[in-house]
Structures are given as structure tokens and as C-alpha cells.
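Scroll down for the structure; my scribbles are underneath it.
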There are 2 protein chains.
Amino acid sequence: MYTIGHVARAASCKVQTIRYYEQIGLLPVAPRSEGNRRLYAQADIDRLMFIRHARELGFALDAIRDLLSLSDDPNQPCVAADAIARRQLDEVERRIARLGSLKTELMRMIDQCRGGRISDCRVIEVLSNHAHCMADDHRPTEAKP
Amino acid sequence: MYTIGHVARAASCKVQTIRYYEQIGLLPVAPRSEGNRRLYAQADIDRLMFIRHARELGFALDAIRDLLSLSDDPNQPCVAADAIARRQLDEVERRIARLGSLKTELMRMIDQCRGGRISDCRVIEVLSNHAHCMADDHRPTEAKP
DNA sequence: CTTGCTTCTACAGCTACTGTAGATGTTATA
DNA sequence: TATAACATCTACAGTAGCTGTAGAAGCAAG
């Protein structure tokens, strides 16, 4: 069993964040020691690391809850799990595509820098461009309410 | 010239968000019409779309400010621009790598779903695993303060 | 046993928005 | 041209997701 400080270091997050996740139900309520300290197992560390990575990738806590439910309830009917997985996969692919465009542009800039000055930075163009945007709600065919 | 509502629809964001970005200096102070309405040009829309995409990809406003400075000041010495671009490129690559792992796992789950039930979901394992984590601050060799 | 670190609860503060109220501008329809 | 419907304005409060701080209590080392 690990203390909250150990868990926080393992997942590179703040102690308060762990308590916050417990409070909102993303992490299970931790059992306590004699002296009232929270105690964690390796599975809790894994779960927390998953949450932190997903957060760093820009997923909302609700989306993460969604993903966690896949492993929390491995016997749920496939229709539900499949829907969740597909929904998240779409999102992941959109993100990879946009990051790819940004990466290309950043590499081009770094490469160009060898010449002395960056006179035609297209960093905005790259990520504002519809052609590079895979998100449904940004495509000209659809308008949001 | 476009109204704020038009710009908000073009970038799929809220009108208030645009005013907020102006307030914190991410967007230039918009010129006003006779009737005191903000007026925007295409360049403003592009800039806003860049910001929104970057935000969706999980970049903090400070990092976005960083990236925007690359195109705001195209004649700045290459040393500075290169540092910014490299810093952001590293981050982008880390994100792509982690999203790639998540994508693989989601695809595996969707594929497996054809069999009926998901009995061995490894979605947590994938994103909590150190082997898949490219971030310096998560590698066992280093500990954060 | 006391110095120093960790953890506890509780709550205030921060970032990045998002919503609401009430006033005013603008436009479509009668 | 009047008036209803909608967009925009300012100002400020509220939300999500943390992050910091205060003050008390637990615990380990010297």
C-alpha cells in the first residue's frame, strides 16, 4: 500500500488533485490507515496515470469517465463499449491529424531557421485551415446552433 | 468586415470567448462600427481558429501565445523562434505518440467487440504504461519537485 | 522529545471559459 | 414606418478542473 505522496510522485501530479479526483468519483474512495491516511494500491496508480495522460491530451473528465467505464465494467454489452470506443477513436484520430499538420509546419520552420530569419511563418495558416481540420463541427458543410 | 457572431460561428466558439481573448490580448482590440459593434477581418478569423484548434489539442493559452509570436514577429531572430518551435515540436511529438498508443488500443477493443464481450480491456494499461509515455517528467529517471 | 516532513480538512484562488441581466443596435415583417 | 425579433454591448456571476494556503494532527529520525 502506498501513501498519497508516493502516488502523486508516481503520476507527476499534486496531492490535492488526487483528493479532488476521489471527491468527484474518478478515483475510488481510498481506505484509510490507523492514523487516517489514504492508502493506495498499484491499480490506483495506474488509473491515476491514465487519467493524467488523458487530461494532458486534452480529454475532458467526462470523456475520461467514459473511457474508464470500458475497463471498470468489462462485461458490459459490446454495443455500449463499442459506441464509447468508436466515439473516442474518432476524436483521437482527429487530434492526431491536426497535431500532424502542426508538427509538419513546426519542422518546416525549424528547418528554415537555418537560413537566418523566419520571414513567412505559416503556423496560423496550418491550424486554422479547413483542409487540415477533420472535426465535423468545423467543416463548412455544417453549422452549429 | 465581419461581426462577432459571424466570427464565432466560423470558429465554432462562443461570442464571449472572443471578447475574452481580446481582453487578455490573444486577439487584437477590434475596431468598432458606428453603433459600437466589433468588426473583424479574415485574418482575425484565422487567428481565432488557430487558437481554438490549439486549445482543443490541449495547449495552454501561454503556449499558444508562444506559437502566435512566431507569426506575429516574423523578423525576430531565429534563435528565439527556433527555441519556441523546438519546444512546441517536442510537445507535439509526445502527444502524437501517446494518442497513437490510445488509438491502437481503442481499435483493438472495437475489433474484439465483434466476439461479443470485452473481457480484457487494457485501455488503462495502455495510457498508464511508462513504456508508452514519452514525457520526460513521467520517466522513472526523473522526479519532479 | 522535538524538529521537520507528510497528511488531514476546509476553503480561497486560479485559468479558461460560459451564462445571465439589462440596455442598446439592427433588421425583417406587417 | 412601426414594432417585433434578434444581435451585440457591458458587467459580473458561475463553472470545470485544478492549485495554493492555513491550521491541526500524524509520524520518523536524531
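The values are calculated or read from the model by the stated rules, or taken from the named source; none is laboratory data. Keep in mind that this is a model prediction, so the values were computed, not measured. Cβ sites come from the backbone with ideal geometry, for glycine too, and all protein chains shown count toward neighbours. For the accessible areas, the whole protein counts, side chains as well, though only heavy atoms, and no ligand, DNA or RNA atoms are used. Shrake-Rupley method; radii C 1.70, N 1.55, O 1.52, S 1.80 Å.
Miscellaneous remarks
- Candidates B:Tyr20, B:Tyr40, filtered to the one that is modelled with pLDDT of 90 or more and within 30 Å of A:His53 (Cβ to Cβ): B:Tyr20
- Candidates A:Asp66, A:Asp111, A:Asp46, A:Asp90 - the one that is assigned by TED's automatic domain parsing to the domain that holds A:Lys14 and at pLDDT 75 or above: A:Asp46
- When the residues of segment B:26-55 are filtered to those that are in contact with a helix residue (DSSP H, G or I) (Cβ under 8 Å, 6 or more places away or on another chain) and without any contact (Cβ under 8 Å) to a residue 12 or more places away in the chain, the one that is nearest to B:Tyr2 (Cα to Cα) is B:Asp46.
Conditions (1) open to solvent by 20 Å² or more (accessible area, probe 1.4 Å); (2) more than 16 Å from DNA strand C (Cβ to nearest atom); (3) farther than 23 Å from B:Thr104 by Cβ; (4) assigned to a helix (DSSP H, G or I), marked per residue:
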{"position": "A:Val7", "(1), (2), (3), (4)": "no, no, yes, yes"}
{"position": "A:Glu22", "(1), (2), (3), (4)": "yes, no, yes, yes"}
{"position": "A:Gly35", "(1), (2), (3), (4)": "yes, no, yes, no"}
{"position": "A:Ile45", "(1), (2), (3), (4)": "no, no, no, yes"}
{"position": "A:Leu48", "(1), (2), (3), (4)": "no, no, no, yes"}
{"position": "A:Arg55", "(1), (2), (3), (4)": "yes, no, no, yes"}
{"position": "A:Asp66", "(1), (2), (3), (4)": "yes, yes, no, yes"}
{"position": "A:Ser69", "(1), (2), (3), (4)": "yes, yes, no, yes"}
{"position": "A:Arg87", "(1), (2), (3), (4)": "yes, yes, no, yes"}
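- Within segment B:9-20, considering residues that are of a type outside the set (S, T, N, Q) and either free of Cβ contacts under 8 Å to residues at least 40 places away in the same chain or part of a helix (DSSP H, G or I) (or both), the one farthest from B:Asp66 (Cα to Cα): B:Arg9
- The lone exception for A:Val92 - which of (1) within 12 Å of DNA strand D (Cβ to nearest atom); (2) open to solvent by less than 40 Å² (accessible area, probe 1.4 Å); (3) not polar (S, T, N, Q) it fails: (1)
- Among the residues of segment B:1-39, those that are in contact with a Lys or Arg (Cβ under 7 Å, 6 or more places away or on another chain) and hydrophobic (A, V, I, L, M, F, W, C) comprise B:Ile4, B:Ala8, B:Ala11, B:Cys13, B:Leu26, B:Leu27, B:Ala30, B:Leu39.
- Exclusive hit being facing chain B (nearest Cβ under 9 Å), of a type in the set (Lys, Arg) and closer than 30 Å to B:Ile51 by Cα, set A:Arg47, A:Arg94, A:Arg87: A:Arg94
- Among the numbered conditions (1) modelled with pLDDT under 80; (2) open to solvent by less than 20 Å² (accessible area, probe 1.4 Å), the only one that A:Ala80 does not meet is (2).
- Subset of segment B:8-19 (residues that are near DNA strand D (Cβ under 8 Å from one of its atoms) and within 12 Å of another protein chain (Cβ to nearest Cβ)): B:Ala8
- Looking across segment B:9-20, the residues that are within 11 Å of DNA strand C (Cβ to nearest atom) and at negative phi come down to B:Ala11, B:Cys13, B:Lys14, B:Val15, B:Gln16, B:Thr17, B:Ile18, B:Arg19, B:Tyr20.
- Scope segment B:24-33; condition in a loop (DSSP other than H, G, I, E, B) and surrounded by fewer than 12 Cβ atoms within 10 Å (Cβ to Cβ); matching residues: B:Ile24, B:Gly25, B:Val29, B:Pro31, B:Ser33
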